[in-house]
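Data block below; observations after.
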Amino acid sequence: MVASEKISLQPGLSASREGNLHALITNDNNYCAFIVEKGLPQVQEGKDHYASQIQSINDEKAQFFKVYPNPTTGQFALGMTGEDNSGVVMVTVSGMMGETILNERMSGIPKREFSIEKYPIGNYLIRVTRGEKSGTLKIIRY
């Protein structure tokens, strides 16, 4: 579910065991968003969740890495920002349906080239994890 201000979940709404229900609020028409806090908030009956609790995926202030060029024909670079490039960095590229198409490891390097040329034109999510930090950017392949 996606809304611009508020999502009200009615009493009795349920998800099957080990299932998920995702409800996103956006105030900038960016329908790819994620919760800034660790994990998704627990939904409580009668409580409203507002757009102030989410942040756009491509909000550069929240990222410790950058991806360019974006949009891309398939080749792109992922660069770590900041001074600390130590440690293991995990990079996962997923399709919009959640399927993982690339899962790579970077270690001690500030920049690496990737290719999604063999995959169809469309939108992809790039998730980067370094230690306790994790962030996601949307990339467009044309």
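The values are calculated or read from the model by the stated rules, or taken from the named source; none is laboratory data. This structure is a prediction, so every number in the text was calculated from the model and none was measured. Positions of Cβ are backbone-derived with ideal geometry, glycine not excepted, and every protein chain shown enters the neighbour counts.
The residues of segment 91-101 that are at pLDDT 95 or above and among the aliphatic types (A, V, I, L, M), listed by number, are V91, V93, I101. Residues in segment 75-111 that are free of Cβ contacts under 8 Å to residues at least 12 places away in the same chain and farther than 18 Å from S134 by Cβ: 3 in all. Taking K111, is it modelled with pLDDT under 85 and among the basic types (K, R)? For K111, the condition - modelled with pLDDT under 85 and among the basic types (K, R) - is not met.
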